[in-house]
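The block underneath contains the structure these notes are about, expressed in C-alpha cells.
Taken together, the values in this text are just the output of simple stated rules run on the coordinates, not laboratory data. The structure presented is a predicted model; accordingly, all values stated were derived computationally and were not measured. Here Cβ is always computed from backbone atoms with ideal geometry, including for glycine, and neighbour counts include all displayed protein chains.
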Number of protein chains: 2
Amino acid sequence: MITPRTLKGFRDYLPAVMIPRESMMQIGREVFRSFGYAPIDTPVLEYFEILTGKGSDETDRQMFHFTDNGGREVGMRFDLTVPLARFAAQHTHQLGTPFKRYHIAPVFRGENPQAGRYREFVQADFDTIGTTSVVADVETLTVINTLLERLGLRRFTIRVNNRAILSGLLDQLGLAEHTSAVLRCLDKLDKIGVDAVDKELRQSAGITTEQATQVLRLAQCKNASDSVGAADSAGAAESVFQTLQDLSMGHEGMAAGIERLQQVYSGTLAAGVPADRLRIDVSIARGLDYYTGIIFETILDELPAIGSVCSGGRYDNLAGLYTKQHLPGIGGSLGLDRLVAAMEQLKLLPQASTPAEVLVTQFNEAHRDDYLALATHLRRGGLRVELYPDAKKLKAQLKYAAEKGFRVAVIAGDDEWQRGVVQVKDLHSRQSDDVAYAADAPEELVSAIASCLEQTRGAG
Amino acid sequence: MITPRTLKGFRDYLPAVMIPRESMMQIGREVFRSFGYAPIDTPVLEYFEILTGKGSDETDRQMFHFTDNGGREVGMRFDLTVPLARFAAQHTHQLGTPFKRYHIAPVFRGENPQAGRYREFVQADFDTIGTTSVVADVETLTVINTLLERLGLRRFTIRVNNRAILSGLLDQLGLAEHTSAVLRCLDKLDKIGVDAVDKELRQSAGITTEQATQVLRLAQCKNASDSVGAADSAGAAESVFQTLQDLSMGHEGMAAGIERLQQVYSGTLAAGVPADRLRIDVSIARGLDYYTGIIFETILDELPAIGSVCSGGRYDNLAGLYTKQHLPGIGGSLGLDRLVAAMEQLKLLPQASTPAEVLVTQFNEAHRDDYLALATHLRRGGLRVELYPDAKKLKAQLKYAAEKGFRVAVIAGDDEWQRGVVQVKDLHSRQSDDVAYAADAPEELVSAIASCLEQTRGAG
C-alpha cells in the first residue's frame, strides 16, 4: 500500500479553509473587474529560457525545471510577472494599449518551507500596461483599499514611495551607478536600524559620510506612524512633501519625482482611500531594480510581522527582453494565501465546512423522490441545500449537520408527509416549526427557511 | 532577445475567452455549492508513486514528471481523481463521511496536441464519497442538468447506464473474467457498428456466438434517440426497462442492476431533469474498469462530435491503493475547457474583452482628481467602471471603448464640469444625454447609467 501524503512544502486545502479562500478569490475578481481589469491565463509550464534569469538568483535556484518528453527545457512559473512580460510581448499588437489585466493563479518556488510559506501558492496580480499616467498609479492603490475593505479588513496601511526621488538624489550626488547597492542597504532600514545602514552605506556602497547622511535623511521621510485620524494623516503628509522639497534643492529629477508622488497622493484621496490608510514612506525600496517610479507595500496594522500582503510598483519597460516595443506600466501583486493565513489568525474567516446552509434529512426510502423534489424546489428558491444521502437515524443526520456547520435542517418523516407539512429546525436556537409544504406550492417553505436564515445570520 | 512563445500544446487565454471561461467556472462553483459540494484544493505536484499506474498506460506515458532539487521523484497531476483518492485516504478520518467535494483546477497531459485539445486544461470534478445511496447518483445527474442550463445550454443528452447490468449478464453467462475485454469491444459500438463489434467479441474476447448475441442485444437497449418531447422519452424509457427485465431472466445481479437504474431514472425526473434530456443507454461502457455502478456521459445535441462534456460514474472503492478504509462513491468530471470551445462554436459566448461596462473618458489633467472621484462614485453605485488613463483626444478614447466592447461612455470636458453635468453616451445607439452630476450627489448619474445599460442589455 502507498502512503498517502503530500510533498514536503506543499499542502491540501480542506473545505473549512478552501471555502473562504475561494470567496477571497471571487472578491478579488469582482474588485479587479469593477476597475476594468480583464482576466487572462497563461500556462504553468514555460520554456526554461523564458523564466531563467528574470527574477533573482534566488528564484532561479528555487525554480522547478526539467526536460520534458519532447526534449524541451521547461520550468514551472515562479511568479506571474515574467509570464505577463512574455504574454505582453506576444499579444500586445493584438490587444492594444492601455491594457489592464489581472491573473489569479498558483506559482511554484522550491524554497525551504517555513511557517505559513508553501512551495505552491496563489498570487493575484493586476497591472496596467502601456501608459505612464498618474491615474493608473492611483487606481492601483485604490484597488488595494477596495479589495481589503471588501474582505472585511479595516486596519491596514499602504506605504507609498516614488523611487524617482531617491534616483534623483543619487543622480544629484553623482551616485547614479550605485543605485542598486544603495537600494539593497536601505531595504534593511526597518530590520537593522539607521546606524547600521549608515555604516553599511559608507562601507559597501563606497559613498562619503556626507552623501550617506543625505541619503538617510531622505529615506527617513515619512508621515508619523502614530498620527491618528484622516485629517492628521493628510497634514503629516503635507509636511513630508515640504521636507522632501527642501531636500531636493531644486534638482529637476527629484522635484519631478516629488510632484508625481504628490499627484498620486492627492488622487488616491480623491478616489476615496482614507488618508489614515495611506502613508508616504521614502524608506521603501522594494528590492527589485526593475521598478522605476511609484512603489508600494501594504501592512496589516495588527499583523505587521507577516510582511506586506500587497506590493508592487511602476516599471519603465515590462518586456524589454522579448520585444522592442516599449511597455511602461504599474502593477500590484496580492499574496492571496498569505492573506488567507492572516485572516485565519485574525479570526476573520467564517467557520463552516459546508457551502450549503440547509440540510434536508431523509428517513424513508419510499419517499426518496419526494425528498429529491423538495430539495430541487428549495434550490430553485435560491437556497443552497444538501440532501442527506442515506435514510439514517435523525440523531446521526443532525450530528452531521452540526459538525459541518449547517444552519437549518428540514425534517420530514411519514407523519409530516401525511400532514402536508415539514419541520424547519433552526440549528442555532434548536427551535422547530411546522411549515406547510406541497410539491406544487413550495413558496411558503422557501420563505420560512429564508427568514430563519436571516435571523441566524443576525445572531451569528 | 528571447522569442516570446508558449510551449507546444499549451496556450494563453486572452480576455475575450478568459472572461466567459471565468464566468463558467464561477457558475460551476455556484451550482456545486448549491448542492452542498464543498471546495478543496490539492497541489499540482505529487509524489510520482502516488500518480503512476493509477490511470492507464497512456496517462503514465503522458505524465510530466521529474526529479526535484531535493532528489524526490515528482509528477504533475493528469486528472483530479487520483489526487482525490490520495486526499480521501489522508483526510477522511478528519472530514467524515458522507463527503461531497468539488475541485476546479488545471491538469497536465503531454498528449499530442490536436484541435481543441491542450496539454494543460481545466477540469471541474465533483464527487460524493462514503455512500452507496441512490440520492447521490441522482444528484450527480441533476448537477449536470443544472450546470449546463445555467450556462445557457438547452439541447443536451445525459446518457445513463448501470454497469452492474452488463456485469450481471456476463456473470450469468460465466464470462465474469472477460469483463474488461467485453467493455473494450462495446466501447467501439458507436464507431465501428454492431457487426464489427460482434466479430471482435467472438474473436478477441473468445466468447461464443450465442453469448455475443446476448451481450449485443443488451448493449443495444436504449430509448430511441428520435423520441421527441419529455412524455415520449419517459414512455420509451419504460419500454427499455421492460426489455432489460426480459433479458435478465430472473438473474439476481442483473435484476438488482436494472432496479437501481430505474430508481435513479425516476429520482432524476423527480429532481426536475426533463425526460428528453435523459437517455437510458446500455451501450455506454466508459473505458475504465474502475466503475462498478451507474455510469454516464453528456452529449451536446448540436455538437456530438466533440464527445462527452461531462462523464463519470459510481465506483466501489475510491482509495484502495492508499487506505484500508472502504470508500464507495460517485463522481462526475466536467471538461470545462472543452465546453468553452463548444460554446465558442455555438456562439454562446458574449463578445467583449473588458469586464467593465462603463468607460469614463478623460480630457483635462487639471480635473484628474474629479475624474477619479467620479469613477469611485459610479463603482460605489454598483457599476463596473474603467477610467481611461490618459487625457487623449475623445476620438481615440471612443475607439478604444468600441474595440473593447464597453457599452456606455461618460464624457466630461471643461464645459461639462462648469455646467455641473456629464454626457452619458450609449455606445450601441450612439445617443448622448446630459445628466446632472455633483461629487456630493452622484445618485442621478448612477441611475441614468444603470437604466442606459438596462436598455442596451435588452437590445444586445
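Nearest 500 deg cm²/dmol is fine: what mean residue ellipticity at 222 nm does chain B get from its DSSP H runs of n ≥ 4 alone, each adding -39,500 (n - 2.57), divided by its residue count?
Working: 16 runs with 202 residues, N = 460.
Theoretical 222 nm ellipticity from helices: -14000 deg cm²/dmol.
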Out of residues 5 or more away from A:PHE64 or on other chains, whose amide H comes under 5 Å of its own, with H placed 1.01 Å from N in the peptide plane? A:MET76, A:GLY110
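Dividing the alpha-carbon Rg of the protein assembly as shown by 2.2 N^0.38 Å yields what? Each step should come with its number before you reach the end.
Details: Rg = 30.9 Å, N = 920, 2.2 N^0.38 = 29.4 Å.
That works out to 1.05 for the protein assembly as shown.
Helix check for chain B. Which DSSP H runs span at least 20 Å along their own axis by Cα, with a mean Kyte-Doolittle hydropathy no less than -0.5? Mind showing how you got there, number by number?
Working: long enough: B:15-34 (28 Å, -0.08); B:134-150 (24 Å, 0.82); B:230-248 (27 Å, 0.14); B:252-270 (27 Å, 0.06); B:443-459 (24 Å, 0.18).
Helix filter hits for chain B: B:15-34, B:134-150, B:230-248, B:252-270, B:443-459.
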Karplus ³J(HN,Hα) for the stretch A:124-131 (6.51 cos²θ - 1.76 cosθ + 1.60, θ = phi - 60°; Hz, whole; x = Gly/Pro) runs 10, 9, 9, 9, 10, 10, x, 8
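Partner chain Cβ atoms within 10 Å, averaged over the residues of B:72-84 - can you pull that number for me?
1
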Over chain B, calculate the relative contact order: mean separation of alpha carbon pairs under 8 Å at least 6 apart, over the residue count, as a percent. 15 percent
Quick one: what Rg and Dmax do you get for the stretch A:303-400 from the alpha carbons, in Å? 25.0, 72
Amide H neighbours of A:PHE156 under 5 Å, at least 5 residues apart or on other chains, H built in the peptide plane: list them. A:ASP301
Cα pairs beyond 33 Å in chain B, in percent, come to 50 percent
Hey, which lysines would be in cross-link range of B:LYS188, C-alpha to C-alpha under 30 Å, not counting anything within fewer than 8 residues on its own chain? B:LYS54, B:LYS199, B:LYS222
So, in nm and shortest first, the distances from B:THR243 to its counterparts in the other copies, with label points 7 Å along Cα→Cβ, work out as 8.7
Partner chain coverage, peptide B:122-134 - average Cβ within 10 angstrom: 2
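Could you work out, residue by residue across A:137-144, how many beta carbons of other chains sit within 10 Å of that residue's beta carbon, and then give the average as an integer?
Working: counts 1, 7, 6, 0, 0, 5, 0, 0.
Partner Cβ neighbours, averaged per residue: 2.
Can you compute the FRET efficiency between A:LYS347 and B:GLU365 using 1/(1 + (r/R0)^6), with r the Cβ-Cβ distance and R0 = 56 Å? Round to the nearest 0.05. Numbers along the way, then the final one.
Working: r = 45 Å, r/R0 = 0.80.
The pair A:LYS347/B:GLU365 has a calculated efficiency of 0.80.
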Along Cα→Cβ at 7 Å, what distances in nm separate the B:TYR290 label point from those on the other copies, shortest first? 3.8
For the stretch B:1-110, what is the charge dipole size about the Cα centre, in debye to the nearest 20, if Lys and Arg each add +1 at the Cβ and Asp and Glu each add -1 at the Cβ? 260 debye
Bounding extents of the stretch A:1-105 in its principal axis frame from Cα atoms, largest first in Å, are 54, 40, 27
With respect to the axis carrying B onto A, what is the closest chain B residue by Cβ position, and how many angstrom separate it from the axis? B:PHE66, 2
With unit charges on the beta carbons (Lys and Arg positive, Asp and Glu negative) and the dipole taken about the Cα centre of chain A, which residue among A:ALA356, A:ASN317, A:ILE129 sits farthest to the positive side? A:ALA356
Signed unit charges on C-beta, dipole axis of the stretch B:390-460, positive-most listed residue B:ILE449, B:GLY413, B:ALA401: B:ALA401
Across the identical copies, how the B:SER23 labels are spaced - nm, sorted shortest first, 7 Å along Cα→Cβ: 2.5
Taking H placed 1.01 Å from N in the peptide plane, check which residues at least 5 places from B:ALA38 or on another chain put their amide H under 5 Å from its amide H. B:LYS100, B:ARG101, B:TYR102
So if I place +1 on the C-beta of Lys and Arg and -1 on the C-beta of Asp and Glu, and nothing else carries charge, what would the dipole magnitude of the protein assembly as shown be about its Cα centre? I want it in debye, nearest 20. 900 debye
What is the Rg over Rh value, at two decimals, for the stretch A:93-223, using alpha-carbon atoms and the Kirkwood definition of Rh? 1.04
Rounded to the nearest 20 debye, what is the charge dipole size of chain B about its Cα centre when +1 sits on each Lys and Arg Cβ and -1 on each Asp and Glu Cβ? 600 debye
